[in-house]
Amino acid sequence: MSHDIYPVLLKDTYINQEQYKELYQRSLEEPEGFWKEQAKKYITWFEPSEKVLQGGFDLLDVVWYAGGKLNASYNCLDRHLKTHADKIAIIWESDEGNSKKITYHDLHREVCQFANVLKKYGVKKGDRVCIYLPMIPEAVVAMLACARIGAIHSVVFGGFSAESLHTRINDADCRLVITANEGMRGGKKIPLKANVDTALVSCPQVQHVIVVKRTDNKIDWQKRDIWYHEAMQIVDADCEPEILDANDPLFILYTSGSTGKPKGILHGTGGYLVFAAMTHQLVFDYHPQDIYWCSADIGWITGHTYVVYGPLLNGATTVIFEGTPNFPSPSRFWEVIDKHQVSIFYTAPTALRALRQEGDDWVKKTKRTSLRVLGTVGEPINPEAWEWYYHVVGEDRCAIVDTWWQTETGGIMITPLPGATPLKPGSASWPFFGVEPKVVDDKGKEVADGQMGKLVITKPWPGMMQTIYNNRERFVETYFKEFPGMYLTGDQAYRDKEGYFWISGRSDDVIKVSGHRIGTEEVESALLCHPAVAESAVVGVPDHVKGQSIYAFVTLKTGYDNSDTLKKELIDTVRKEIGAIAIPQTIVFAKGLPKTRSGKIMRRILRQIANQEVDNLGDLSTLSDPQVVDDLIEQVKKLS
Ligand code: WT7
């Protein structure tokens, strides 16, 4: 395995290669001292913690910064006011191309006011608040206002359907929902408030819905609804931050697993914030004069850690982008970069692949001279897309950081550092400080370099999730049961001789479609909601833009015939049950599915069939009806 290596470009970064090696070593050998220093450096504590790290993975009793007292919104806002109240905190770039700049002073005032609104409507410390908003500044205000009073926010991506929203509101037992009348994306309107109304049909615990007016369209109005702008007028702007414990929860964020309903990943306050601030500063080599832009939606963990908390903790100017990469043209990203003189840009491989397809001219007609660091996240980046990012977008001047992490990890875990790591296109490279990843075999034994295996993390790190909300059992079962004492990531990877990690994708039944995490079982359950469906099995297939796409096998109940109309109905069903991001690209109607005699569907075989790799299907003698395989192969061939 030989790969191109790109030498380090940037000088005068926080960390060079030698410093990385030294500090990394120290972070593993002396974690307590190391993380104590970081806590002091990055966070302002009302009271420091007595104990940096308590417990471990053996007993699953990890506690970070026990006894420490702090407030997230104080750290993101108040503490910056003395030195740079007039610095721009948020540059908002709207879908239509207007922009608005908000200073730290103004953001602080708006957060305090909105915190008072929440209090007025009965939200207290520990209550859960659902945020279902587009990418507008009020989304940040809502998150920080929750944090200010110790309420736990649960942001739900605006692309999720009413049904998904309903499930999440109920699971977290949210008391209040914050939404907008409509959202705007790529020139299209999204009926957010109407979705909330549908979602709340059977959520009696939600007594108030606060509605931001984003468009001028009229919407249905319920007794429980309150306009954001009206509520803000009748509260004052003083709101002392609640003094919280380092281990008080900060937020819940739902993500898909290989089985069951989405899991509410619960993150705490102290450890999460230390990790968010430190990774944001060092991974992007963030300096005070930078203009920083992460294009992720706040509905995902990337939006939480690297649009909101990381940058604001560091007093940065963070760009909030409401639009899409190709509206009104595939130059949009690069135009926004020129317009606001963005120096650090963080986006998803799928967006890069889609834009690359449109041709280089869309990039080349813009300047991009302000850029210095370029990041990617969400799925493996193929070397071709990486090279394009490096040569065409970055014009061989910028450091690239391919950052590997997860909703569960809270922040970046494996990544190059600009100025420290020679780059290999396609590899997320080396672990961040304090992170010890290993590649193990099915028995949990570390494999040799170059050998593919399961990626685990062997030591606690401050950004790690606390638990699955209301489901500690599932937390233990999902992440710690297979290999006791290690955190199981669910990814496959190998490490090369130079210590670079190459992460190739999931080893479980999770599909990554355009970087979005989708559980096969969720799509299967959605399909089953249609009366015609007897059974379904969903697998992922490679897609040259989306990374993976969804391939569904469906068997029908007797009395139903397959047809294009039925296909359309099935697609609508998935859109309604989950959202457009989970729609299958291909649906194959099958007479039967390959099953073992005990009734277990053989996904491995379905994956091979969907990928048309049927030369070596392995031993089929354990199937209850081997004939179905030939039938499926035939069907798939017909479709391609
Ligand atoms: C999964 C986590 C982390 C924020 C966005 C996604 C995949 C993520 C990379 C990368 C290869 C990656 C993994 C991981 N993934 N980044 N740089 N290289 N794979 O968060 O939705 O929790 O998904 O995304 O499969 O397990 P998420």
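For the stretch 388-408, filtered to residues that are in contact (Cβ under 8 Å) with a residue 60 or more places away in the chain and in a helix (DSSP H, G or I), the residue that is nearest to the ligand (Cβ to nearest atom) is T407. Find the residue count for the stretch 407-430, including only residues that are open to solvent by 10 Å² or more (accessible area, probe 1.4 Å) and under 21 Å from the mean Cα position of the chain (by Cα). So the count comes out to 3.
Matching residues to (1) open to solvent by less than 10 Å² (accessible area, probe 1.4 Å); (2) closer than 19 Å to L77 by Cβ; (3) in contact with an Asp or Glu (Cβ under 7 Å, 6 or more places away or on another chain); (4) outside any helix (DSSP H, G or I):
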| site | (1), (2), (3), (4) |
| --- | --- |
| V274 | yes, yes, no, no |
| A277 | yes, yes, no, no |
| Q289 | no, no, no, yes |
| Y292 | yes, yes, no, yes |
| D297 | no, no, no, yes |
| T305 | yes, yes, no, no |
| V308 | yes, yes, no, no |
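Of all residues in the stretch 369-398, those satisfying the criterion of being within 23 Å of A276 (Cβ to Cβ) and open to solvent by 10 Å² or more (accessible area, probe 1.4 Å) are R372, V377, G378, E379. The criterion of at least 1 residues that are outside the structural domain of E163 (by TED's automatic domain parsing), open to solvent by 60 Å² or more (accessible area, probe 1.4 Å) and over 30 Å from T198 (Cβ atoms) is met, among helices (runs of 4 or more DSSP H) falling completely within the stretch 536-640, by 603-610, 627-639. All of (1) farther than 30 Å from T369 by Cβ; (2) within 16 Å of the ligand (Cβ to nearest atom) hold for L250 with one exception: (2).
Pairs meeting the criteria (first residue in the stretch 469-491 and modelled with pLDDT of 95 or more, second residue of a type in the set (D, E) and open to solvent by 10 Å² or more (accessible area, probe 1.4 Å), beta carbons under 8 Å, at least 6 apart or on different chains) are Y469/D171; N470/D171; P484/D58; G485/D58; L488/E482; G490/D508.
Quick one: is P425 within 13 Å of the ligand (Cβ to nearest atom) and farther than 30 Å from G264 by Cβ? Spelling it out, P425 is indeed within 13 Å of the ligand (Cβ to nearest atom) and farther than 30 Å from G264 by Cβ. Answer with yes or no whether G260 is surrounded by fewer than 22 Cβ atoms within 10 Å (Cβ to Cβ), at positive phi and more than 15 Å from the ligand (Cβ to nearest atom). It is true that G260 is surrounded by fewer than 22 Cβ atoms within 10 Å (Cβ to Cβ), at positive phi and more than 15 Å from the ligand (Cβ to nearest atom). A single entry from H280, H304 fulfils the requirement of being under 19 Å from E37 (Cα atoms), within 16 Å of the ligand (Cβ to nearest atom) and under 18 Å from the mean Cα position of the chain (by Cα): H280.
Restricting the search to strands (runs of 3 or more DSSP E) fully inside the stretch 147-258 and requiring at least 2 residues that are in contact with a helix residue (DSSP H, G or I) (Cβ under 8 Å, 6 or more places away or on another chain) and free of Cβ contacts under 8 Å to residues at least 60 places away in the same chain gives 176-180, 208-212. Residues in the stretch 338-380 that are more than 22 Å from the chain's Cα centre (by Cα), part of a helix (DSSP H, G or I) and among the β-branched types (V, I, T): V363 alone.
The values are calculated or read from the model by the stated rules, or taken from the named source; none is laboratory data. Given the structure is predicted, the values throughout are model-derived calculations rather than measurements. Don't worry about glycine lacking a Cβ; one is built from the backbone with ideal geometry, like all the others, and counts go over all protein chains shown. For the accessible areas, the whole protein counts, side chains as well, though only heavy atoms, and no ligand, DNA or RNA atoms are used. Shrake-Rupley method; radii C 1.70, N 1.55, O 1.52, S 1.80 Å.
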